[in-house]
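FYI, it's all coordinate maths here, none of it is from the lab. Owing to the predicted nature of the structure, the values given are computational and were not obtained by experimental measurement. A quick note on method: Cβ atoms are made from the backbone with ideal geometry, for glycine too, and the neighbour counts reach across all protein chains shown.
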Amino acid sequence: MRRGELYRVSKPGGDPKHFRTFVVVSRQALIDSRFSTLICAPVFTTGEGLSTQVAIGPVEGMKHESRIMCDNLVSLRKSDLTHYVGSLSAKKLSELNRSLGIALDLA
């Protein structure tokens, strides 16, 4: 498992959808550790084009044009991240980092 990978999760807690795609945003050291959860950002098919949203689509493994929502981070169990969808390119990962910095007021 790597930072920037997308996984489809069945029945994520509190989400009305049966499935939701998430991108792993935790640092690689945490991903490689024995810690059981990771920080992830949900992916939605709609968005407003905000600076805290990253546009992705079929190139990243999605069926539709979508947006990573960096203002809505969640903690998910590693054991729930089993259905690999795709991964972000270096350029998209850079966009994700920028959007996370804005969402967390780090930039």
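Where does the chain land at 222 nm, in deg cm²/dmol rounded to the nearest 500, when only DSSP H runs of n ≥ 4 count, each adding -39500 (n - 2.57), divided by all residues? Result for the chain: -5000 deg cm²/dmol, rounded to the nearest 500. Phi angles of the stretch 95-101 translate, via the Karplus equation with coefficients 6.51, -1.76, 1.60 and θ = phi - 60°, into HN-Hα couplings of 4, 4, 4, 5, 5, 5, x Hz per residue; Gly and Pro are given as x. Considering only 30, 88, 76, the mean-square fluctuation computed in a Gaussian network model of the chain, springs between alpha carbons under 10 angstrom, is largest for 30. Note on residue 32 and residue 45: the extension gain reaches 1.7 nm, defined as 0.36 nm multiplied by sequence separation minus the Cα-Cα distance. Each Lys and Arg adds +1 at its Cβ and each Asp and Glu adds -1 at its Cβ; summed about the Cα centre, the stretch 37-107 shows a dipole of about 220 debye. Over 21 Å apart at the Cα level, from the set 11/92; 17/91; 63/92; 11/91, are 11/92; 17/91; 11/91.
Under 1.5 on a/c is rounded, so check that first for the stretch 6-49, then, if it is not, pick prolate when a/b is larger than b/c and oblate when it is not; a ≥ b ≥ c are the square roots of the alpha carbon gyration tensor eigenvalues. Here the stretch 6-49 falls in the oblate category. Taking a sphere under 15 Å around the Cβ of residue 29 and counting the other residues whose Cβ falls inside, with K and R at +1 and D and E at -1, yields a net charge of +4. Sequence-ordered 3J(HN,Hα) estimates for the stretch 80-91 from the Karplus curve with 6.51, -1.76 and 1.60 and θ = phi - 60° stand at 8, 9, 10, 9, 5, 10, x, 9, 7, 6, 4, 5 Hz, glycine and proline given as x. Less than 5 angstrom separates the built amide H of residue 9 from those of 20, 21, 22, all sequence-distant by 5 or more or on a different chain. With both labels modelled 7 Å from their Cα along Cα-to-Cβ, the residue 82 to residue 59 distance reads 3.2 nm. Sorted into 5 angstrom bins from 0, the C-alpha pair distances of the chain split as 2, 13, 25, 27, 21, 10, 2, 0 percent.
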